[in-house]
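The values are calculated or read from the model by the stated rules, or taken from the named source; none is laboratory data. Just so we're clear, the structure is a prediction, and the values are computed from it rather than from any experiment. Cβ sites come from the backbone with ideal geometry, for glycine too, and all protein chains shown count toward neighbours. For the accessible areas, the whole protein counts, side chains as well, though only heavy atoms, and no ligand, DNA or RNA atoms are used. Shrake-Rupley method; radii C 1.70, N 1.55, O 1.52, S 1.80 Å.
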Amino acid sequence: MKKSKLISKFLIFLMVFSMGAVSISCSEDDSDFTDDSVQEPDPDPDPDPDPDPDPTDSFAGPTYPDDYTNIASWEQRSQWNLANVHDPTVEKDGDYFYMYQTDASYGNAHEGHGHFPVRRSTDLVNWEHRGAVFSEAPAWVKDSLNNMRANMDPALPPIENPNYGFWAPHIKKVDNKFRLYYSVVVTNPIVGSDPNTSWTERAFIGLAETDDLASGNWEDKGMVVSSIADGEETYLRENGNDWSGYFKFNAIDPSFIVTPEGEHWLIYGSWHSGIAAVQLDPATGKPTKLDNVEDYGVRIAGRGNVNTNRWQGLEGPEIIYNEETGYYYLFLAYDELSVAYNTRVVRSQNITGPYVGMDGASITEGAEALPILTHPYAFNNHPGWVGFSHPSVFQDSETGEWFYSSQARLPEGVPGINVSNAVMMGHVRKIEWTEDGWPLVSPERYAGVPETPITEESIVGTWEHITLEYRYREIQESSNVVFHEDNTITGSITGSWSFDSDSNTLTINDREHIVANAWDWEASPRHKTLTYVGLTSSGRSVWGKKVD
C-alpha cells in the first residue's frame, strides 16, 4: 500500500482533533481573505440619459467562503456547498450533476455517517449534500482479504478487525445504468504493527450499480481487482525509507471508459509501478479472469525508470476520449497530495498507449508528463491553493462543454485558521481546448457567468499573470502586466498583443491564449472579470486575470 499517501491523509485529517478545539476565523467578506471595504464612486457628472443596460449587471455569483471552518461540523453540512470535497467524480443524471468522493473532511466531520459522500447540483455552482453510497464497509472486503492472506506462502493469519480507508470513487453511465467503481484500502501492516517494517495491506477496487442516482439505492457487485504482488519484492521493509513497493499495481484511483469500438476499460493505480489498464467484460464490469499478474492489466503510464522504480510519483488517473480530436486523454496527479499535487495530461490514439506529452516524449516509458494543467498558485488577496489535483474530467451532454473538478487545499500556516492545509474545497473549472487539441484548465472556478461579447477595448488594463512552472511544494504567485491601447505590454512580461474577437483569442508575443468571461473569486466583493489561459512552448499553463 502507498505509505506516504496513508500518512498524508490520516495525519492531515486527524490532526485537527488531536490539537483540541478548532480555532475559528470569521469574516463577513465573501472570500475571507480580502479587505471588503468598497469606495463609493463619484457621481457621473453627465450621465447617459439612455444607457445600454448590461444584462449581466444583475448577475449574482457565488459568495460562499473558502475558509469554511466555522460551518465545518456535520450538523452544518447543508451549508457546505463545495466544502469538504476530496477526489471528486462527477456524472449527470437528468437535471442534476452528481458528485461522489473520498471519505474526507475538515476535523473528520464525516466519520460515522457512511462512505463515499455524494452531493448534487443543477448548475455546477450550488451543491446540496445527499448522504453517502454505503452505510458500512462492504463485507466482501474482509472476506477477500483474509482468503488472500490464507493463500500466501507462507500463509498469514486473518485480520479480524481491519482498518479501512474509502477513497477515490469513479462514476460513469453505461447504457441505462450507472456504475460506481470505488476503492477500499486496508491500512493494517501485512505483518506486525509497524508500517516501517512491513508494507501495509492491499487495496481493493469494487463496483456498485444503480439505475437512478437520485434514489441512492446501490447494488454492490463486489471486487473488481485488488493490489497484486508480482514476486519482485518482499512485504518486509528495511526501514521507513525503503520504497521498493511490494505490490506491482496499487488498486486505488479507478477510472473507466468505453471506447468508440465498445470496449470497456478500467484505468487505475497509484505510485508503486505506475498506472494500469485492464479490459473488462461489458456485461459484468469486471475482468474476465484474474489468474495471474498479467490479468491485472498493462502499464500505460509511469514516472522515471519504469522497469526498476517501484515508487513512481503519479496517481489519480482520469481517462476520457474526445471525439473531435480522436485522442484518448490521460490526466494524472503528480507528487504528494497535501501541497505539491499538480495535474498533467498526455494523449494517445490507442487506449493502451503509448501516451505522449506535448513534447512528444512517452509517459508510457516514464517521461515527465506535459502539459502542466494545475499547480500550487496564488492570485493577489488570497493565500492561494495547493494540493490541487486528482481530477475528474466530464462533459455536459447537453452543451458539449468539458469541465475539470478536483479538490484544492489552503496552504499550510494561513493565519487564523487551525490546520489550514486540512481545509479542502471542491473546484469545478471549465476546460478550454487549444487549436492543436490540448486541454487547458481555466484560471478561475466556474461560476455560471453569462457569456457576453469580449472586445479588444476590454483587454486594455491591468492583469495578474501566472506561469505554472513546476516547483515542488512551491506556490506560483501572480505578477502584474499591463495591456496598453497601442497593443504593447509592460510589467512582468513585455512585448505586444492582439485580440481576435471572433474566436476570443488573445495573442501575446506570438503565443495564443483563450479569453473568457469569469468570476473573480479573490476580489472583495467578488465580481465579473475576464481571464485568459494558454501554454508556453515548453508545456506550462499560463493564467491571466483582469483586475483593473
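Only one residue in Glu469, Glu464 is crowded, with 17+ Cβ neighbours inside 10 Å, of a type in the set (Asp, Glu) and closer than 22 Å to Thr536 by Cα. Which one?
Result of the check over Glu469, Glu464: Glu464.
Taking Met148, is it touching a residue at least 12 places away in the same chain (Cβ under 8 Å), touching a Lys or Arg at 6+ places or on another chain (Cβ under 9 Å) and not in a strand (DSSP E or B)?
Yes, satisfied.
Can you list the strands (runs of 3 or more DSSP E) lying wholly within segment 491-548 that have 1 or more residues being surrounded by fewer than 19 Cβ atoms within 10 Å (Cβ to Cβ) and charged (D, E, K, R)?
Hits in segment 491-548: 495-500, 511-520.
What about Ala155, is it touching a Leu at 6+ places or on another chain (Cβ under 8 Å), more than 30 Å from Trp521 (Cα to Cα) and either in a loop (DSSP other than H, G, I, E, B) or among the small types (Gly, Ala, Ser) (or both)?
In short, no.
Among the residues of segment 333-379, count how many are of a type in the set (A, V, I, L, M, F, W, C) and over 25 Å from Ser442 (Cβ atoms).
Going through segment 333-379 one residue at a time, the tally reaches 3.
Suppose we filter Thr325, Thr288, Thr343, Thr308 for residues that are closer than 18 Å to Gly539 by Cα and polar (S, T, N, Q); which single one remains? Step through it out loud before you land on a result.
Values: Thr325 fails: closer than 18 Å to Gly539 by Cα; Thr288 fails: closer than 18 Å to Gly539 by Cα; Thr308 fails: closer than 18 Å to Gly539 by Cα.
Only one candidate qualifies: Thr343.
Please find, among Ala214, Ala203, Ala251, Ala276, the residue that is of a type in the set (A, V, I, L, M) and without any contact (Cβ under 8 Å) to a residue 40 or more places away in the chain.
Step by step, each of Ala214, Ala203, Ala251, Ala276 is checked, and only Ala276 is of a type in the set (A, V, I, L, M) and without any contact (Cβ under 8 Å) to a residue 40 or more places away in the chain.
Yes/no per residue for (1) part of a loop (DSSP other than H, G, I, E, B); (2) touching a Ser or Thr at 6+ places or on another chain (Cβ under 7 Å); (3) closer than 19 Å to Gln279 by Cα:
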| residue | (1), (2), (3) |
| --- | --- |
| Leu330 | no, no, yes |
| Glu336 | yes, yes, no |
| Ala340 | yes, no, no |
| Thr343 | no, yes, no |
| Arg347 | no, no, yes |
| Thr352 | yes, no, yes |
| Gly360 | yes, no, no |
| Glu368 | yes, no, no |
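Please go through (1) without any contact (Cβ under 8 Å) to a residue 60 or more places away in the chain; (2) surrounded by fewer than 18 Cβ atoms within 10 Å (Cβ to Cβ); (3) touching a Leu at 6+ places or on another chain (Cβ under 9 Å) for Asp220 and return the number of the only condition it doesn't satisfy.
(1)
May I ask you to list pairs of residues, at least six apart or on different chains, whose Cβ atoms are under 6 Å apart, with the first in segment 426-454 being in contact (Cβ under 8 Å) with a residue 40 or more places away in the chain and the second being charged (D, E, K, R) and in a loop (DSSP other than H, G, I, E, B)?
His427/Arg445; Gly448/Asp123
When the residues of segment 355-396 are narrowed to those that are under 20 Å from Val306 (Cα atoms) and among the β-branched types (Val, Ile, Thr), which ends up most open to solvent (accessible area, probe 1.4 Å)?
Per the criteria, the residue is Val356.
Check whether at least one residue in segment 53-66 is among the hydrophobic types (A, V, I, L, M, F, W, C) and buried (at least 17 other Cβ atoms within 10 Å of the Cβ), and report yes or no.
No, that holds for no residue.
Table: residues versus (1) in contact with a Leu (Cβ under 7 Å, 6 or more places away or on another chain); (2) over 28 Å from Thr259 (Cα atoms).
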position: Arg120; (1), (2): no, no
position: Leu124; (1), (2): no, no
position: Ala137; (1), (2): no, yes
position: Lys142; (1), (2): no, yes
position: Asn147; (1), (2): no, yes
position: Ile159; (1), (2): yes, yes
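If you go through segment 239-287 one residue at a time, how many are outside any strand (DSSP E or B), under 25 Å from the mean Cα position of the chain (by Cα) and polar (S, T, N, Q)?
Count: 3.
Return only the number of the condition from (1) modelled with pLDDT under 95; (2) surrounded by 17 or more Cβ atoms within 10 Å (Cβ to Cβ) that Tyr328 does not satisfy.
That leaves (1) as the condition not met.
Just the residues that are touching a Phe, Trp or Tyr at 6+ places or on another chain (Cβ under 7 Å), part of a loop (DSSP other than H, G, I, E, B) and open to solvent by 30 Å² or more (accessible area, probe 1.4 Å), please, taken from segment 113-133.
His113, Thr122
So which residues in segment 288-325 are within 16 Å of Glu263 (Cβ to Cβ), in a loop (DSSP other than H, G, I, E, B) and open to solvent by 20 Å² or more (accessible area, probe 1.4 Å)?
Selection gives Thr288, Glu323.
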